[in-house]
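Trainee: Mind having a look at this structure? Questions to follow.
What follows is calculated from the coordinates using simple rules that are stated; it is not laboratory data. For clarity, every value in this text was computed on a predicted model and none was experimentally measured. For neighbour counting, all protein chains shown are included, and Cβ atoms are generated from backbone atoms with ideal geometry for every residue, glycine included.
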Amino acid sequence: MRFLLVLVLLSLLSGCASVRQQEFLATGYCDCSSCCAWSRDFPDFWNRHFNAGPNKGDVYTGLTASGTKPRQPYDGLISVDTLSHPWTLPHRLILPWFWFSHDGTIAADWKYYDPGTRIYLPGYGWGRVEDKGSAIQGENRLDLFFYSHRRALEWGRRTVTGTIE
């Protein structure tokens with residue numbers, strides 16, 4: 001037990017677990033055609049194609065630049081969210097994929113943030129940099145993924161102070 005405590009203390013003092021705070025201009029987005037600039041065109045109306053940006057005409061797969069499916073953060077079974085919304089407890093107990101928390105998808109400029117960087121934003125939760133957008137340029141710009149267009153619009157564009165891990 002002492003060895004583990006010493007190891008954790010050394011890692012914190014050595015800077016391995018560095019944490020810093022920064023102010024971001026964060027915009028909400030979802031997977032819809034207006035947020036991600038895709039459309040279904042004739043004669044290939046089965047597939048979605050980019051209708052703007054540097055990838056115009058390419059097939060839109062819905063995957064992030066790192067190849068993952070984007071998702072919204074989720075707190076898991078034992079969390080403040082469960083306490084503030086107790087009616088969610090029954091489905092969290094029955095469905096095992098709701099037991100564990102997961103990070104949301106953040107799009108950022110990869111010149112400043114490597115893929116996999118974790119960032120905590122108040123009101124959104126923990127997110128992981130997995131995507132890069134053509135309009136996201138600079139150290140202070142982020143896009144936050146939401147499952148619904150309504151929630152992305154509710155978030156809008158905000159200036160928030162985030163914690164970078």
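Trainee: Suppose each label sits 7 Å from its Cα in the direction of the beta carbon; what would the Lys111-Ser148 distance come out to in nanometres?
Mentor: Label-label distance for Lys111 and Ser148, simple model: 3.7 nm.
Trainee: While we're on this one: At 0.36 nm per residue, minus the direct Cα-Cα distance, what do Ile164 and Lys69 gain on full extension? Give it in nm, one decimal, please.
Mentor: 32.0 nm
Trainee: Near Arg48, within a Cβ-to-Cβ distance under 11 Å, what is the net charge of the other residues, with Lys and Arg +1 and Asp and Glu -1?
Mentor: Charge balance near Arg48 sits at -3.
Trainee: I want the local charge near Asp131. Using Cβ-Cβ distances under 12 Å, sum +1 for each Lys or Arg and -1 for each Asp or Glu among the other residues.
Mentor: Net local charge, Asp131 excluded: 0.
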